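Worksheet for the structure shown next.
The values are calculated or read from the model by the stated rules, or taken from the named source; none is laboratory data. None of these values were measured; they are calculated from a predicted model. Using ideal geometry, Cβ is built from the backbone for each residue, glycine included, and neighbour counts are taken over all protein chains shown. Surface areas here come from the heavy atoms of the whole protein model, side chains and all, with no ligands, DNA or RNA. Shrake-Rupley method; radii C 1.70, N 1.55, O 1.52, S 1.80 Å.
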Amino acid sequence: MKYEDSKIWLFSFADLAFLLLIAFTQASTVGKKPVNIGEITIPKVVENQKVASLDQPYESYQIRVLKPTIPESNPFQVVIMRGTEENIEPSPISAQELTNRLTVMKQDGRMRPILVPDIYSLSKDTLMAMSIIERVYEDGNRVTIERTGGLN
């Protein structure tokens with residue numbers, strides 16, 4: 001009897017689907033706050049001579065998540081973009097300082113910043129920055145379809 005190993009990957013996907021099914025069934029919302037499950041896709045930005053920078057006629061903000069250093073330092077940096085000019089704050093800041101800075105920015109009517117993680121940044125730092133931005137800019141949640149009237 002001859003065995004063929006070309007379809008072994010199918011079992012890996014089946015195992016993963018089964019484990020996800022178990023995880024989602026354990027996340028019960030009975031008597032608890034519902035669990036929000038989300039997905040994030042971070043594009044890889046490559047340098048290319050054919051790609052031109054975007055002309056930005058307004059002021060925008062970036063929260064950069066830096067790669068870890070030894071000894072460990074603060075992982076976040078605020079960058080103000082005016083057109084193609086970058087104004088980078090000199091020293092990285094902590095999560096608490098980022099929360100305070102974003103709170104002041106929102107109170108001043110500044111727009112929601114863009115999250116820009118370094119390719120070698122830690123996932124926990126990226127998720128922390130994303131969580132802080134979501135917490136401060138609560139109005140950032142969007143829906144594709146919103147029901148406004150009754151059904152016909």
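Could you check how many residues of the range 111-126 are surrounded by 15 or more Cβ atoms within 10 Å (Cβ to Cβ) and basic (Lys, Arg)?
Start the filter on the range 111-126 by keeping residues that are surrounded by 15 or more Cβ atoms within 10 Å (Cβ to Cβ), which leaves 112-113, 115-118, 121-122, 125-126.
So of that shortlist, the ones also basic (Lys, Arg) come out as 112.
Adding up the residues that qualify gives 1.
Of (1) exposed (fewer than 12 other Cβ atoms within 10 Å of the Cβ); (2) part of a loop (DSSP other than H, G, I, E, B); (3) at pLDDT below 65, Phe11 satisfies all except one. Which?
The failed condition is (2).
Look at Glu72 and say whether it is within 19 Å of Tyr58 (Cα to Cα) and open to solvent by 80 Å² or more (accessible area, probe 1.4 Å).
Working: within 19 Å of Tyr58 (Cα to Cα): no; open to solvent by 80 Å² or more (accessible area, probe 1.4 Å): yes.
Against the criterion (within 19 Å of Tyr58 (Cα to Cα) and open to solvent by 80 Å² or more (accessible area, probe 1.4 Å)), Glu72 does not qualify.
In the list Thr84, Thr103, which residue meets the criterion of being open to solvent by less than 80 Å² (accessible area, probe 1.4 Å) and either farther than 16 Å from Glu138 by Cα or at pLDDT 90 or above (or both)?
On the way: Thr84 fails: open to solvent by less than 80 Å² (accessible area, probe 1.4 Å).
One residue alone meets the criteria, Thr103.
Just give me the residues in the range 110-123 being farther than 16 Å from Met81 by Cα and part of a loop (DSSP other than H, G, I, E, B), in sequence order.
Scanning the range 110-123 gives Asp118, Ile119, Tyr120, Ser121, Leu122.
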